[in-house]
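The block underneath contains the structure these notes are about, expressed in structure tokens.
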Amino acid sequence: MSNEDRMNIDERRKYLRKMKKRYAQAPTREEKGQLLDEMQVVTELHRKSLTRLVNGSLERQPRQGQRGRTYGPEVQYALSIIAESLDYLCAERLTPNLVWMANHLASHGELVVSPPLLEKLDQISISTVQRVLARIPRDKPRLPRKGPQRTRQITQGIPMKRIPWDVQQPGHFEVDLVHHCGPTASGEYVCTLQMIDVATGWSERRAVLGRSYLVMEDAFRYILTQLPFPLLELHPDNGSEFFNHHLLRFFKEAVQGVKLSRSRPYHKNDNRFVEQKNSSLVRAYLGDDRLDTVAQTIAVNQLYDKMWVYYNLFQPVMRLTEKIVTPTAKGQLAKVNRRHDQARTPFDRLWAAEAISNDRREQLETLRDQTNPRQLRQDIYDQIDYIFSLPNAVPGQPENVYLTLTTHPDLQALALDPILHDPDLARVD
């Protein structure tokens, strides 16, 4: 019998209370023996224990003394440091990664570890971690700050589908664009181009000012230089910012062999992985405020450079491994039980899939060893505060999007200067 089917003590006592009446009313020894056989199969208790229970009292005796804690304050302190460093993950993602993260933080001077502590972190259960995390006050909870286009002729040859959830090979990316327009969509404003690899959870983000092919191509080109493994498929929605002659030419020339697919119109769940990450990796940090200047765009990209390291190298993700569909009564939705594998970082999943070269793997491994995740998380929140300290665009004074392109690094250095907001000095002829 599996653990899921085994009775707990309260369920056994409830069952035995009902069987006790039948046992007491049984007229013969043979019938009492048959009832004991039945109770032994159901409860998995020894026959002598069942005889003692049904002939005595089924009331549970109060505990004489409280059981001491197995995991003391040193474990709680270590969990608080690790949880803070990983931005308060859920216990299911946090527990399998406690030991290596404790050693990693110890190498950066954030934590002092000992063999007994590592042994406890290795054997602690998910439910215990949940209880400990509930007692840990969060220093800075991550909360949001505030609160279909028609198919065009150019998309006719591009298949409509969705990437299977159980794809094993890295390189199949869902793509979406997040708008930071605030309460109004007028004028130019910042958008976030986000790509999520279905197989590993690897994430790429880039902020662009506006949605022109110029900035979109520049963002894709930058992401391709960052991506440590081959790009096999791009799967956006049907927006014209993705499907236009300029970008299709770019994909054909710069990313030869890449497969293009698209979501079905009005089927938002065809891009379910990137849609979920739009909430947890973009909106949760930048909220719904309006961002519409060159300086804000560059500052957001500096934030995304930090998040690239933090989420791909340090944040464990859980991958769906099985779906069990249980039929229900006619007219009702079927019940779907989902099972996930052990939480691992996207980098570790790439390594296990052998989708990354040895040289690139060693570079990323060295980067992870040299990075303090707790300090990096603080840098991320400091960068967010800096982004929202920057002024928004002056009405009637257009921003120069050329200053946001990676192909103009000399102009990027000027983007944070107050002189940028002078339209006469910032204009590029």
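Some points to look at:
- Where residue 338 falls short, out of the listed (1) in a strand (DSSP E or B); (2) surrounded by 14 or more Cβ atoms within 10 Å (Cβ to Cβ): (2)
- Pairs with Cβ under 6 Å, 6+ apart, first in segment 352-365 and part of a loop (DSSP other than H, G, I, E, B), second not small (Gly, Ala, Ser): 355/170; 355/229; 356/228; 356/229; 356/350
- Given (1) surrounded by fewer than 21 Cβ atoms within 10 Å (Cβ to Cβ); (2) in contact with a Leu (Cβ under 7 Å, 6 or more places away or on another chain), number of the condition residue 233 does not satisfy: (2)
- For the condition buried (at least 17 other Cβ atoms within 10 Å of the Cβ), out of contact with any His (no Cβ under 7 Å at 6 or more places or on another chain), in a helix (DSSP H, G or I) and outside the structural domain of residue 199 (by TED's automatic domain parsing), residue 311 qualifies.
- Looking across segment 57-116 at every residue that is in a loop (DSSP other than H, G, I, E, B) and of a type in the set (D, E, K, R), the one that is farthest from residue 8 (Cα to Cα) is identified as 110.
- Members of segment 256-274 that are crowded, with 17+ Cβ neighbours inside 10 Å and under 22 Å from residue 215 (Cα atoms): 260, 261, 262, 274
- Only one of 364, 286 that is touching a strand residue (DSSP E or B) at 6+ places or on another chain (Cβ under 9 Å) and surrounded by 16 or more Cβ atoms within 10 Å (Cβ to Cβ): 286
- Residue in segment 149-169 that is acidic (Asp, Glu) and assigned to a strand (DSSP E or B) present: no
- A single member of 211, 272 is within 20 Å of the chain's Cα centre (by Cα) and either assigned by TED's automatic domain parsing to the domain that holds residue 367 or over 27 Å from residue 407 (Cβ atoms) (or both), and it is 272.
- Candidates 199, 134, filtered to the one that is exposed (fewer than 12 other Cβ atoms within 10 Å of the Cβ), at pLDDT below 95 and more than 20 Å from residue 302 (Cβ to Cβ): 134
- Residue within segment 62-78 that is under 41 Å from the mean Cα position of the chain (by Cα), surrounded by 14 or more Cβ atoms within 10 Å (Cβ to Cβ) and of a type in the set (A, V, I, L, M, F, W, C) present: yes
The values are calculated or read from the model by the stated rules, or taken from the named source; none is laboratory data. Quick caveat: nothing in here was measured; it's all calculated off a predicted structure. Counting neighbours? That spans all protein chains shown, and the Cβs are built from the backbone with ideal geometry, glycine included.
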